[in-house]
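Okay, structure first, notes after.
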Amino acid sequence: MIDYKYLTEEDRAHFLERGWIQVPNAVNPQYLDPWMENLWVRLGEDPNDPSTWKEEYLKMPRHREVPYEEYCTPEAWGKLCEIVGGENRMHPYRERYAGDQFIINFGSDKYDGLHEKGEKPDPQQATGYHIDNDWYRQFLDSAGNALTLIFLYTDVLENGGGTFLVEDAIPGVCKYLEDHPEGLDHPYDELVQHAYQCKKFTQIVGKKGDLFITHQLLPHSHAPNYRRYARVITNPHINMRENHNLDRADGDYNLCEQVILKALGRDHVSFTPTRDRLIQYPRTAFFKVARVKEELARMQADFEAKGLDPESVDSVYLRGENAVQEHKKRNGYDKEWGPNGVIQKGTGIGVEVRAVHDDDTVIPSPVVQ
């Protein structure tokens, strides 16, 4: 049986009932402000001039990454391990590192005055409820991504663009996946359509350094930022060595498995996929990775302006081919594209699906949306 040393009884009950828990001060301080220092250099924008902020919502690539046990405080790391049933159940390398792939919600002038008037964004009007899986065929027992993590790199204020979580949507997701043993290939909007009619929504609010640990099957969406500041988070995952076992003879289910069984109202489920499992290049990775060159150019120009060696910029892309290949392997960039190609560009609203070669030539994917 799992020996809980870090998760309290309240933590476990909260995760089972609502699909998430909050861990304050979860990030080792050396990876907070130091990693944010060159954010605006990478963006090429002025933190004090919103007129330079080109997009309302932006996803950035990753230059720096460290193992979770180094990145997290001991308490946060302990809670992560206990939720999945132990560090030994985590995948040995896939998404085993946390990094600086920032997601920024800048807000927009169109929201000016709404917070001051006491208005709040409506979660049922959010655009883009989803679960985080764009790199494998999704089945009920899939555990390539067991946990979706949200690390706060700025305070996330009320009405300040915090992620919407749909707590009562998990049963519908689980039932749909049980009814579709053939599995789903991304994108699969039909899996979360019911989320817009749900009633139990939480909007994330927290302090810089906090962590929200969410179950992978908890639908979520970005929200409008009424406060017109740069809300910064990262959104990595915990991957597992093996898929969930929903029919354990000894009943020793980890908390991720317990959430699924609770959602289905069962104490065990015998599940057998009717199609092959598929792992692919992450569909939403390309448009983020495409920003690497321009970010590197800005960071190196900034170093030169300061009289520093531009080759000493802290980026995995400047550490040699072996480091780059290891980075690709950890993040699935070494995989083939799946049946629906990759997203060539996108800001969360409106995307174009493309496939792209390593030599930067762009060709249409098998399915263009």
Conditions (1) more than 15 Å from N133 (Cβ to Cβ); (2) part of a helix (DSSP H, G or I); number of the one not met by L246: (2)
Close pairs (8 angstrom Cβ cut-off, 6 or more residues apart or separate chains): within 18 Å of G107 (Cβ to Cβ) in the range 27-49, part of a loop (DSSP other than H, G, I, E, B) and modelled with pLDDT under 95 anywhere: E45/K54
Checking I150 against (1) outside any strand (DSSP E or B); (2) of a type in the set (A, V, I, L, M, F, W, C); (3) in contact with a strand residue (DSSP E or B) (Cβ under 7 Å, 6 or more places away or on another chain), the condition it does not meet: (1)
The range 180-233: number of residues that are closer than 28 Å to L32 by Cβ and of a type in the set (D, E, K, R): 6
Flag for V269 being touching a residue at least 12 places away in the same chain (Cβ under 8 Å) and part of a helix (DSSP H, G or I): no
Failed criterion for E75 (all others in (1) in a helix (DSSP H, G or I); (2) buried (at least 21 other Cβ atoms within 10 Å of the Cβ); (3) of a type in the set (D, E, K, R) hold): (2)
Subset of the range 312-346 [over 30 Å from D276 (Cα atoms) and crowded, with 17+ Cβ neighbours inside 10 Å]: V313, S315, V316, Y317
Test: residue in the range 136-149 that is more than 24 Å from E242 (Cβ to Cβ) and in the same structural domain as N239 (by TED's automatic domain parsing): no
Residues located in the range 252-311, provided they are among the small types (G, A, S) and loosely packed, with under 12 Cβ neighbours inside 10 Å: G265, S270, A305, G307
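The values are calculated or read from the model by the stated rules, or taken from the named source; none is laboratory data. Fair warning: this is a prediction, and the values are worked out from it, not measured in the lab. So basically every Cβ, Gly included, is an ideal-geometry build from the backbone, and we count neighbours across all protein chains shown.
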